[in-house]
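Here is the structure we will look at.
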């Protein structure tokens, strides 16, 4: 634990500065000027580990972070505009205006996620579980629950 928190080993364009385990955790790293491919375009990284989606989003809205994901509960598809699609499928665009009246750059890429409905197998009979599988309209579920992001 002492080694990993005070002198972690890395090979990238940043050098470790600090790890703070309080309040979920945060770390900082500075640009490594002698990196073999040249120094990075930014001076450093400060990252806070915030597990609650809404708290993380509010941290971003208050301009304490440069990037975040938008929780589905806060996402409005009408505020998203698509732009360029890069090789590999990454899509660039904009999102906003948000609650702080700012419009931000957006970037999205397809991911592999799995969501499921779990049943207590000893209490829910197999015919009920099968019926659930038949009755769910997956396209409508993605549209209504995930606001089209799926």
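The values are calculated or read from the model by the stated rules, or taken from the named source; none is laboratory data. Because the structure is a prediction, the values reported are computed rather than measured. Cβ placement follows ideal geometry from the backbone for every residue including glycine, while neighbour counts extend to all protein chains displayed.
For segment 94-103, the condition holds for no residue, the condition being that it is farther than 22 Å from residue 56 by Cβ and either at pLDDT below 90 or surrounded by 11 or more Cβ atoms within 10 Å (Cβ to Cβ) (or both). Checking every residue in segment 120-139 against the condition of being on the phi < 0 side of the Ramachandran plot and touching a strand residue (DSSP E or B) at 6+ places or on another chain (Cβ under 6 Å) gives zero matches.
If only residues of segment 1-12 that are in contact with a strand residue (DSSP E or B) (Cβ under 7 Å, 6 or more places away or on another chain) and not in a helix (DSSP H, G or I) are counted, the one that is modelled with the lowest pLDDT is 8. Of everything listed in (1) out of contact with any helix residue (DSSP H, G or I) (no Cβ under 6 Å at 6 or more places or on another chain); (2) farther than 21 Å from residue 60 by Cβ, the single unmet condition for residue 119 is (1). Here residue 27 fulfils each of the conditions (1) surrounded by fewer than 14 Cβ atoms within 10 Å (Cβ to Cβ); (2) within 21 Å of the chain's Cα centre (by Cα); (3) modelled with pLDDT under 90 apart from (1). Residue count for segment 24-41, restricted to those that are without any contact (Cβ under 8 Å) to a residue 12 or more places away in the chain and under 18 Å from residue 65 (Cα atoms): 1.
Does residue 37 meet the test of being part of a loop (DSSP other than H, G, I, E, B) and under 30 Å from residue 11 (Cα atoms)? Against the criterion (part of a loop (DSSP other than H, G, I, E, B) and under 30 Å from residue 11 (Cα atoms)), residue 37 qualifies. Scan segment 6-14 and tell me whether some residue there is free of Cβ contacts under 8 Å to residues at least 60 places away in the same chain, more than 30 Å from residue 150 (Cα to Cα) and surrounded by 13 or more Cβ atoms within 10 Å (Cβ to Cβ). So far as segment 6-14 goes, yes, one or more of its residues are free of Cβ contacts under 8 Å to residues at least 60 places away in the same chain, more than 30 Å from residue 150 (Cα to Cα) and surrounded by 13 or more Cβ atoms within 10 Å (Cβ to Cβ). Only residues that are in contact (Cβ under 8 Å) with a residue 24 or more places away in the chain, exposed (fewer than 12 other Cβ atoms within 10 Å of the Cβ) and over 12 Å from the mean Cα position of the chain (by Cα) were counted across segment 44-68, and they come to 2. The residues of segment 69-109 that are within 15 Å of the chain's Cα centre (by Cα), part of a loop (DSSP other than H, G, I, E, B) and under 23 Å from residue 52 (Cα atoms), listed by number, are 69, 70, 71, 75, 109. Within segment 110-144, the residues that satisfy the criterion of being surrounded by 12 or more Cβ atoms within 10 Å (Cβ to Cβ) and assigned to a helix (DSSP H, G or I) are 129, 132, 141, 142, 143. Within segment 69-88, can one find any residue that is modelled with pLDDT under 90, surrounded by 12 or more Cβ atoms within 10 Å (Cβ to Cβ), under 27 Å from residue 46 (Cα atoms) and in contact with a strand residue (DSSP E or B) (Cβ under 8 Å, 6 or more places away or on another chain)? No - not one qualifying residue is present in segment 69-88.
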